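The values are calculated or read from the model by the stated rules, or taken from the named source; none is laboratory data. Please read these numbers as outputs of a predicted model, since none were measured by experiment. Neighbour counts are summed over all protein chains in view; Cβ atoms, including those assigned to glycine, are modelled from backbone coordinates with ideal geometry.
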Amino acid sequence: MPRRRRAATAFSVAPAEAGSPAYRWLSSALRAQILEGRIHPGARLPSTRELARQYGYSRGTIVAAFEALRAEGYVAGSVGSGTYVNPVLPDELLHAPRAPRAAAAPMQKPVRALSGFARRVRPFPAGVVTPARAFRSNVPALDLFPVATWAQVAGRCFRRVTRRQLNDGDALGYLPLREALSEYLTTARGVRCTPAQVMVVAGVQEALDLSARVSLDRGDRVCLENPGYVGARHAFGASGAKIVALDVDTEGARLPQRTRDARLVYMTPAHQFPLGVSMSLTRRLAWLDWAHRGGALILEDDYDSEFRFVGRPLPALQGLDRHGVVLFTGSFGKMLFPSLRLGYLVLPPDLVDVFAAAKSVSSRHVPVPDQAVLCDFIRDGHFGRHVRRMRQIYAERRGVLLTDAQQYLRGLLEITGAEAGLQTAGWLQRGLNGEAVARAAGERDIEVIPLSRFGNGARREGLQLGFAAVETDAIHRGVRTLASILEELARDTQ
Ligand SMILES: Cc1ncc(COP(=O)(O)O)c(C=O)c1O
């Protein structure tokens, strides 16, 4: 039966941009209008002749635009019988979100039966992505990352990619990378391991999540440093475990006074986050003994100890472990760049299989091509060179911060824990309040983090100040600005 011709749907599109072929401009403008619902499924489009006249193009251009839409499945029909918008659009099949046709009626909040985990889980605080200013914390100097070298290594890896690498990977990670990591961690960090114990993870955060899932049931106790790392509080909080707060003193995290039955302890012995204390040998041995006797595991987060500026790097706690109680984790987020999302987790031999199983049922494994690039970047010596170069630059920036702080911040902020890492902490003097300082600093284009945001265990008001990502000129200016803010606030509080 001949189809009854419907009236053509009128539409107008914005003028074409210079430099883009006219047919491509028209096809993408029509596609957008179809997807936004302004031209409905089933609607007939004006004829190619009409459109050619309306927009001043040749019919061939309009036919080419329609052909492109036909090939993508947005329209059907042919020259002569009319061109119609397909009743089922390709993006609908692909479940792509489309703008509503008309203002949607307000939806009632659906009743959902979600898990306890879903009720407890909180999003990881989003990172700041604007260019670094004084005193941005927790980020490396990304402007100094050797992007061209990384691109060269990545290009070579992809040119030589094997079918095996494109196929599927091992839950523990790409073996050549695990071998390189085992060698590096043994020599640089004093870790005792073989490649069979090394798992490649998507950053420390995944190591925290896996450790929580493997070692904790709801209601079990997990000990966390207070003040401590927010990412750990989020991961363990979501697990439903009971969090036991550990005080931190000049020797590092203190053993809990009463709790004897914790299943897991998370700590940052090389450079306590955020106070910067290095754990003493006596305290390390006491923790290992405590964990061994109580059947607990220690998760050692070695997040930034590659950047040590005073004395020799402290070997990992894991290297002292004779009973297989330590899980050791670290990340390339600070040594290379945060969006890489690659890190490692070194496991006691008897826990390798269960961790591999836990990983295999979530993300299966970390993408193999990314692991292959990192592996070559390490094997070719670029990683070692980059870390050495950054250590020098960070040492210089740290030196500027400490010298200027001596001169301008004395009596206002007492810097502490600047022996390693990308940032330091300072204790506020003269009754100054960290939140008030952070607010005033934000108004003067500098940033500081009050230590109170990392927990209430500091018992004193303080600030975290980053230096690694900040150029020396900006540190000089930032210290002077901070000094005037602190002076003004101190005057007001008296
Ligand atoms: C204490 C601590 N651990 C680990 C990390 C890195 O975690 P990820 O590898 O998940 O980025 C950070 C980053 O700021 C940190 O501060």
Single match in ARG460, ARG477, ARG491 (criterion: of a type outside the set (S, T, N, Q) and within 22 Å of LEU144 (Cα to Cα)): ARG477
Considering only the stretch 327-366, how many residues are among the aliphatic types (A, V, I, L, M) and within 16 Å of the ligand (Cβ to nearest atom)? 8
Only listed residue being more than 22 Å from LEU144 (Cα to Cα), modelled with pLDDT of 95 or more and loosely packed, with under 15 Cβ neighbours inside 10 Å, chosen from VAL361, VAL352, VAL368: VAL361
What single numbered condition from (1) more than 16 Å from the ligand (Cβ to nearest atom); (2) free of Cβ contacts under 8 Å to residues at least 60 places away in the same chain; (3) surrounded by fewer than 22 Cβ atoms within 10 Å (Cβ to Cβ) fails to hold for ARG397? (2)
Count of the stretch 445-470 residues which are surrounded by fewer than 22 Cβ atoms within 10 Å (Cβ to Cβ) and over 23 Å from the mean Cα position of the chain (by Cα): 7
Checking GLY37 against (1) in contact with a helix residue (DSSP H, G or I) (Cβ under 8 Å, 6 or more places away or on another chain); (2) under 17 Å from VAL13 (Cα atoms); (3) not polar (S, T, N, Q), the condition it does not meet: (1)
LEU317, sole failed condition from (1) under 28 Å from LEU463 (Cα atoms); (2) within 15 Å of the ligand (Cβ to nearest atom); (3) touching a residue at least 60 places away in the same chain (Cβ under 8 Å): (3)
Which of the residues spanning the stretch 144-160 are touching a helix residue (DSSP H, G or I) at 6+ places or on another chain (Cβ under 8 Å) and in a helix (DSSP H, G or I)? LEU144, THR149, TRP150, VAL153, ALA154, ARG156, CYS157, PHE158
Filter the stretch 456-491 down to the residues that are at pLDDT 95 or above and part of a loop (DSSP other than H, G, I, E, B) and list them by number. GLU461, PHE467, ALA468, ALA469, VAL470, GLU471
Somewhere in the stretch 321-332, is a residue closer than 18 Å to ALA395 by Cβ, of a type in the set (Gly, Ala, Ser) and in contact with a helix residue (DSSP H, G or I) (Cβ under 9 Å, 6 or more places away or on another chain)? no
Taking into account only those residues within the stretch 270-302 that are within 22 Å of the chain's Cα centre (by Cα) and assigned to a loop (DSSP other than H, G, I, E, B), which is nearest to the ligand (Cβ to nearest atom)? PHE273
Test GLY466 against the criterion of being touching a residue at least 40 places away in the same chain (Cβ under 8 Å) and small (Gly, Ala, Ser), and give yes or no. yes
Do the conditions hold for ASP261, that is, is it touching a helix residue (DSSP H, G or I) at 6+ places or on another chain (Cβ under 8 Å), surrounded by fewer than 24 Cβ atoms within 10 Å (Cβ to Cβ) and closer than 30 Å to GLY155 by Cα? no
Picking from SER305, SER339, SER363, the residue that is assigned to a helix (DSSP H, G or I) and under 28 Å from the mean Cα position of the chain (by Cα) would be SER339
